[in-house]
Amino acid sequence: MAKIAPLSGFPEWLPSGRIVEQHMIDVLRSTFELHGFSGIETRAVEPVERLLSKGETSKEIYLLRRLQDQGADSELGLHFDLTVPLSRYVLENAGHLDFPFRRYQIQKVWRGERPQDGRFREFLQADVDVVGQDTLAFHHEIELPLVMVDALSKLPIPRVKILASNRKVAQGFYQAIGLEDVEETLRILDKLDKVGPKVVAEMLGEIGASEDQARLALELAGIRGDDAGVADRVLALGCRSELLDEGLEELVALLEGANDLIPGSVSADLKIARGLDYYTGSVYESVLEGHEDLGSVCSGGRYDSLVSDGKKTYPGVGLSIGVSRILARVIGRELVTPTRKVPTAVLVAVNDEGERRHAEKTAQQLRGRGVAAEVSPNSAKFGKQIRYADRRGIPFVWFSTDDGEQVKDIRSGEQVVADAAQWVPPASDLTPELRGSDE
């Protein structure tokens, strides 16, 4: 038999980890729906030509081929994000959608990149987007990060704060100081956290930037703040352009609007560039406080030209949560754990195998009222059946005794007479709950 070994970059969780993952998915889904977003699921594959049309490199794409017919599906690839599938979905279904189209999507994606801490080849993303037809109001650029703040704040994870910039600020500034290759400059500045300012300055020099231009670009990237003072610091660098002024106005409106609704929710960080070329306005990244080494766990931005059929344009704004990236950190370091590692709330004990049918009927009654129950796998002594429940974190054991039906809380030892047609556990024990490491 071949030796079994983990496959790097394809995470699998133990049952307790899966409870954490499922809870996160449920919280995200319910929060997105509270904000009026409709869920969709798109196919896992797209034509490679479409996948390559948004500035990504072919090495990130897993190609899809059938072993029995090498050429049949050679032009299909697994999607590496949920934005490219969204653009195709909108174009194909525009006649059936109501605009602005508010969609959320929680789905697996695949990238053929080297696995690292928090970076996988197969991983789960959770996206929210608002897509308009021909136009899309700016206020959605304030709304979307607040949706993510609301969703992430409901999870027992370290605090997440949204960091924002605006592509118009960067582009307008680079144009004002005479940098010709604006798109490449944005891609280089997007690497600042990874390679540092010295390497970025060298890379800018390689595309023709002077020392002064590189210095000014880095000074812009170093500006941070929570209010209109950010714009004053940018203008103090002595450069102006119409596009820069427009971007600063939008950035200040974002900061003031978001922080008025949820104080402290969004900060400006002008080093954020977002390397993909389809972003046109506000751009967002975020980090887990105390876990900045993990990189951004939620990112996105405004795009005006991602989706178009040649007649109509579908601008949008959206953000994506790297669910698997967060899970890898909180599960791997036990920052979040479930109150038990199985869904079961009640183990129905079996006195002897002749009474198993009675135990199964009791469990059936409990399940019919929404109480997760399982029947003991054997009719060992009650002490062993209780230990079985304890190892799995099952809080209650149900007994059939000469004095009638009874249920025992094995944590406190309290045992009471109960009726399977009426008894319910406390709400906190009905399903596994998540707790942070500080609880």
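Counting only residues that are open to solvent by less than 10 Å² (accessible area, probe 1.4 Å), give me the helices (runs of 4 or more DSSP H) lying completely in region 140-233 with at least 1 of them.
Here the list reads 167-176, 182-189, 197-206, 211-221.
For residues in region 328-387 being among the polar types (S, T, N, Q) and open to solvent by less than 30 Å² (accessible area, probe 1.4 Å), which is farthest from Pro115 (Cα to Cα)?
Taking the candidates together, the pick is Thr362.
(1) touching a strand residue (DSSP E or B) at 6+ places or on another chain (Cβ under 8 Å); (2) more than 25 Å from Ser153 (Cα to Cα); (3) surrounded by 13 or more Cβ atoms within 10 Å (Cβ to Cβ): which one isn't true of Glu414, the others all being true?
The failed condition is (3).
Those residues that are over 29 Å from Leu146 (Cα atoms) and in a loop (DSSP other than H, G, I, E, B), I need them from region 12-44; list them, please.
Listed by number, the residues that qualify are Glu12, Trp13, Leu14.
How about region 234-265: which of its residues are among the aliphatic types (A, V, I, L, M), within 28 Å of Ser153 (Cβ to Cβ), touching a residue at least 60 places away in the same chain (Cβ under 8 Å) and open to solvent by 20 Å² or more (accessible area, probe 1.4 Å)?
Listed by number, the residues that qualify are Ala253, Leu261, Ile262.
Can you confirm whether Ala328 is among the small types (Gly, Ala, Ser) and more than 22 Å from the chain's Cα centre (by Cα)?
For Ala328, the condition - among the small types (Gly, Ala, Ser) and more than 22 Å from the chain's Cα centre (by Cα) - is not met.
May I ask you to list the residues in region 364-384 that are touching a residue at least 24 places away in the same chain (Cβ under 8 Å) and not basic (Lys, Arg)?
Result: Gln365, Leu366, Gly370, Val371, Ala372, Ala373, Glu374, Val375, Ser376, Asn378, Ser379, Phe382.
Pairs only if they're at least six apart or on different chains, beta carbon under 9 angstrom, first in region 199-215 and within 15 Å of Ala176 (Cβ to Cβ) and outside the structural domain of Glu183 (by the TED database), second surrounded by fewer than 13 Cβ atoms within 10 Å (Cβ to Cβ) and not β-branched (Val, Ile, Thr); list them, first residue then second.
Listed pairs, sorted by first residue: none to list.
The values are calculated or read from the model by the stated rules, or taken from the named source; none is laboratory data. As the structure is a prediction and not an experimental result, all values here were calculated from the model. Cβ: placed from backbone, ideal geometry, glycine included. Neighbour counts: every protein chain shown. Only protein heavy atoms, including side chains, enter the accessible area calculation; ligands, DNA and RNA are left aside. Shrake-Rupley method; radii C 1.70, N 1.55, O 1.52, S 1.80 Å.
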